[in-house]
1. Order these peptides, 92-103, 208-219, 183-194, by their mean beta-carbon neighbour count within 10 angstrom, highest first.
2. Please report Rg over Rh for region 299-362, where both radii come from the alpha carbon positions and Rh follows the Kirkwood definition.
3. Determine, for each peptide in 236-242, 322-328, the mean count of other beta carbons within 10 angstrom over its residues, then list the peptides with the highest first.
4. Taking the convex hull of the alpha carbon atoms in region 187-277, what volume per residue do you get, in Å³?
5. Using the Kirkwood radius over C-alpha pairs as Rh, can you work out the diffusion coefficient of region 211-328 via Stokes-Einstein at 10 °C, viscosity 1.306 mPa s, in µm² per second?
6. How long is the chain along each principal axis, judged by its Cα atoms, biggest number first, in Å?
7. Once you have the Kirkwood Rh of region 96-148 from its Cα pairs, apply Stokes-Einstein at 25 °C and 0.890 mPa s and quote D in µm²/s.
8. Under the rule a/c < 1.5 gives rounded, and otherwise a/b versus b/c splits prolate from oblate, where does region 27-182 land using the Cα gyration tensor?
Amino acid sequence: MPTTLEIQTEQIARTRRPTECEPLLHAATKDLLRNNSFRITGLPLDATPRQVAKHLAKLAQMAELNLAAPHHAAVFALNPPPTLDQIREAAQRLSDPEKRLVDELFWFWPCEPGAAASDPALQALASGNADAAMKTWATHETNPTTSAAAMHNIALFWQLTATESEPANATDPELPQQQTLEKHWRRSLDRWEYLTSDEKFWDMVNAHARRIDETRLTTGFVSRMRSTLPLALARINAELALNHAQDGRKAVAKMHVQLIKDATNGAAILDKAADLVFAPTTARLRAHIDSTRKIAQENPEAAANAVRDLLAQASPTAPLFNLFYGAAQHTPKDLLDEVATTCIGCLVSYQKKTHDNQGFVNLLQRALPLAQAPETRQRIETNIRTAKENLAYAELQIGRASCRERV
């Protein structure tokens, strides 16, 4: 049974325009190339349904005999190697025409259609000689007949190189390393952007679609892929930016956001990509807001702890929103304002029930940075000021009582 978070995330997905290619957007994560079926199985790009079925049968037989997964020599070999189950799942994805076409879009093509087995560059890749492959593609990139396939392969090569070079330490890498990473990404993204509007390239994608399933993969599906590709690519960088920011690598996170901004229509695409990668976070926050309100309504004395939990979830989100949307007011950031107003209402109920002015002040001060609208900030500041006045008055009364006792 799907969780509330999964249902809310799916509802967000349904609000997207029907012109978007859902299989492409679903696949476009930071692990896109790690999950590619051709990379995992080692099957050639032009593998027939019979070859895929034969591969699945072989895997089933190996599983019955408790044999280890077969390993194939290739550039960018996965480490650790894929398991038998992962290879089986990848091979099964190749049986789905839409998923297969997405995986073909993000794997290496022969420069001559249908000649994957004899393509010199692909043979060089299979033997681990990436330099030879790149030299071959560089030559083909200047040839009008083969330029689209060669440019696609170079774009993919640099994307793979960049993806495999993403830092994982707790801090930002040294500047030279980051500059090299950025150079890899720009070499890839510049080519992808050119290919998005290249008719020869999309003629080739249509040819791939007809070979896979001419009935299901219509020109309409390919057209949606084409219009969605810029957003799909941006989503990958947006997810990487979010992960780096959450792990403290702020400079690399900003680099990925800037890569998106520098694309054609980058600002608009960045907003859409950010909405996609933040969908689970916003769904989780909305669920937490509802839970906090319910607790405060049913048991005001427990509202302070509920607000603490809500702030622990929401506070780290504010700098992440600023990274993507900037400091200006933005629709997704309205959720932070909703968190702030929820804190006000719940804490007022708590204060009336417990008269804990100090706890009231402390939590409102933590909620204040989340307030986006001027009126929300003013409400919080007014409540803080009133509570502080109550605290000062209470201290004054205690002091007067102490003086009377001494007299």
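The values are calculated or read from the model by the stated rules, or taken from the named source; none is laboratory data. This structure is a prediction, so every number in the text was calculated from the model and none was measured. Here the Cβ is made from the backbone with ideal geometry for all residues, glycine too, and neighbour counts use every protein chain on show. The area values use the complete protein model at the heavy-atom level, side chains included, leaving out ligands, DNA and RNA. Shrake-Rupley method; radii C 1.70, N 1.55, O 1.52, S 1.80 Å.
1. Final packing ranking: 92-103, 183-194, 208-219.
2. Rg divided by Rh gives 1.07.
3. 236-242, 322-328
4. In region 187-277, the Cα convex hull volume per residue is 108 Å³.
5. 95 µm²/s
6. 104, 48, 39
7. Numbers: Rh = 11.9 Å.
Rounded to a whole number, D works out at 207 µm²/s.
8. oblate
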